[in-house]
Amino acid sequence: MEDSSGFQPRPATNLLEAQVALAQRGIGSGSVDGVAGAQTEGAFRAFQFQQGLEESGRRDPDTTKALLLLRPPFKRYVVSQEDLSSLRPVPDTWLGKSEAPRLGYASLLELVGERTQAHPHLLQRLNPGVRWDAVAAGTELVVPDTEFPTPRKAALIRISLAGRYLRAYDSSGNLLAHFPVSIGRVAEKRPVGALSVMVCVKDPNYTFDPAVFPESEEGKQIGHKLMIPPGPNNPVGVAWIGLNRPGYGIHGTPSPEQVGRTESHGCFRLANWNADYLRRMVGVGTPVNVER
């Protein structure tokens with residue numbers, strides 16, 4: 001990793017740097033890609049709310065002036081032998097997944113993308129000479145420096161169904177974090193109102209229940225539940241935050257680029273890096289308000 005000592009905070013000069021600067025404050029805009037969209041607009045609104053600015057959702061002059069990069073926007077990632085040795089193909093079927101020892105990363109591009117909150121296309125643009133299917137240990141990659149701040153204890157979680165975002169606040173109402181979220185496909189199954197955290201689990205197992213997936217032909221043929229092992233490609237990703245409504249929770253996903261763009265079976269789905277960060281911010285009893 002490159003040395004950022006002596007770096008003087010400065011305004012972001014383009015949209016990609018702005019997404020990185022937002023992440024350095026715990027404000028997620030989806031997989032960082034330098035491309036404008038609804039999730040980046042939502043991240044700007046969260047920052048503007050945090051700073052007491054007009055919530056335009058744009059990188060307007062006041063926002064540009066206030067949104068400083070706290071560290072250089074890019075750093076070096078050195079590929080380790082451990083990284084390469086951990087890669088395994090992810091089975092296509094539920095039965096195959098249940099028989100795997102762990103559902104880890106399938107490719108180096110996926111691994112580095114999740115560790116740096118970066119869209120695979122961005123990593124490919126930043127490293128044009130890299131053959132991602134033949135990277136050797138010791139290879140240095142250029143990646144965005146999107147490391148979140150040290151997590152602080154949240155006093156309240158708010159989920160906006162209409163806005164498709166989750167926000168965490170401290171006891172004084174200050175914004176600590178903002179993340180895009182996927183919500184339940186069926187409106188009647190979306191929990192609304194005052195809930196609370198019942199359990200926080202890192203690297204959870206997942207129970208595949210064919211009754212929950214009536215569209216699955218494989219599920220109909222299996223006809224019984226399967227235990228799916230943990231890992232970033234587990235259906236609930238690397239974190240499960242269970243709520244005080246049976247079967248409902250906030251969790252990660254193996255498809256971070258789809259968060260906020262596709263709908264879930266009823267739970268609240270975050271990118272893995274956001275779900276794990278939130279897990280470290282909450283505890284049993286933390287209030288979760290779900291708003292239409």
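The values are calculated or read from the model by the stated rules, or taken from the named source; none is laboratory data. Just so we're clear, the structure is a prediction, and the values are computed from it rather than from any experiment. So basically every Cβ, Gly included, is an ideal-geometry build from the backbone, and we count neighbours across all protein chains shown.
Out of contact with any Leu (no Cβ under 7 Å at 6 or more places or on another chain), closer than 30 Å to V135 by Cα and at pLDDT 95 or above: does that describe Q39?
No, not satisfied.
Inspect the range 84-102 for any residue being among the basic types (K, R), at pLDDT 95 or above and either under 30 Å from T13 (Cα atoms) or over 23 Å from the mean Cα position of the chain (by Cα) (or both) and give the result as yes or no.
To start, the set of residues in the range 84-102 that are among the basic types (K, R) comprises 88, 97, 102.
Subsequent filtering for residues that are at pLDDT 95 or above retains 88, 97, 102.
Remaining after also requiring either under 30 Å from T13 (Cα atoms) or over 23 Å from the mean Cα position of the chain (by Cα) (or both): none.
No, that holds for no residue.
Just one of (1) at pLDDT 95 or above; (2) touching a strand residue (DSSP E or B) at 6+ places or on another chain (Cβ under 9 Å); (3) at positive phi trips up G193, so point out which.
Condition not satisfied by G193: (1).
Residues that are surrounded by 21 or more Cβ atoms within 10 Å (Cβ to Cβ): find the helices (runs of 4 or more DSSP H) completely inside the range 1-119 holding 1 or more of those.
15-23, 38-51, 61-66, 94-99, 108-116
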